[in-house]
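Worksheet for the structure shown next.
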Amino acid sequence: MPFIDINTVKPLEVLPGCKMRTPYGENLMLSYLEMDEGAVVPLHDHPHEQGGMLLKGKLEFTMGDEVRIVEAGAMFIIPPNTPHKVIAIDGPAVVLDVFTPVREDYAELYNKYIPVTDGDS
């Protein structure tokens, strides 16, 4: 799957106001996250390294002890096990996240929605 049309990937609402599409390969996962104004990804951490770019909108971004307001074009790298949180402010936001290794929780969540036919077993 070297080319992906994001419009053909079914979005999943994983948190209120947060819809994501998460195509992935063997070692890398992309996450196209659309956030409604006021939507919150609560403070959390995970063992995966995460990088990303805010494509549209404005976020209040907490990483560790630092809080910043970031706008479209901002990029970030979150080391493994670093607490972080984002809130979409002043309108909707779109974020492209990249995870390595693949987040097993997202892959499992997404795979629940991929139909399996008899020929795929």
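The values are calculated or read from the model by the stated rules, or taken from the named source; none is laboratory data. Worth saying up front: this structure is predicted, and the values here are computed from it rather than measured. Every residue, glycine as well, gets a Cβ built from its backbone with ideal geometry; the counts of neighbours run over all protein chains shown.
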Q: Mind listing whichever residues of the stretch 16-27 are touching a residue at least 60 places away in the same chain (Cβ under 8 Å), closer than 19 Å to Leu55 by Cα and part of a loop (DSSP other than H, G, I, E, B)?
A: Gly17, Thr22
(Q) Of all residues being part of a loop (DSSP other than H, G, I, E, B) and loosely packed, with under 10 Cβ neighbours inside 10 Å in the stretch 1-15, which is nearest to the chain's Cα centre (by Cα)? Just the residue, please. (A) Lys10
**Q.** Matching residues in the stretch 70-117 - criterion: being more than 18 Å from Leu28 (Cα to Cα), out of contact with any strand residue (DSSP E or B) (no Cβ under 6 Å at 6 or more places or on another chain) and either of a type in the set (Lys, Arg) or at pLDDT 95 or above (or both)
**A.** Gly73, Thr82, Lys112
Q. Taking the stretch 39-97, which residues are without any contact (Cβ under 8 Å) to a residue 24 or more places away in the chain, among the small types (Gly, Ala, Ser) and surrounded by fewer than 16 Cβ atoms within 10 Å (Cβ to Cβ)?
A. Gly64, Ala72, Gly73
Q) Within the stretch 44-98, how many residues are closer than 22 Å to Pro16 by Cα and among the aromatic types (Phe, Trp, Tyr)? A) 1
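Mind listing whichever residues of the stretch 28-47 are in a loop (DSSP other than H, G, I, E, B), farther than 20 Å from Gly91 by Cβ and touching a Pro at 6+ places or on another chain (Cβ under 6 Å)?
Of everything in the stretch 28-47, those that are in a loop (DSSP other than H, G, I, E, B), farther than 20 Å from Gly91 by Cβ and touching a Pro at 6+ places or on another chain (Cβ under 6 Å) turn out to be Asp45, Pro47.
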Q: Test Pro23 against the criterion of being loosely packed, with under 11 Cβ neighbours inside 10 Å and touching a strand residue (DSSP E or B) at 6+ places or on another chain (Cβ under 9 Å), and give yes or no.
A: no
(Q) Just the residues that are at pLDDT 95 or above and surrounded by fewer than 19 Cβ atoms within 10 Å (Cβ to Cβ), please, taken from the stretch 26-38. (A) Tyr32, Asp36, Glu37, Gly38
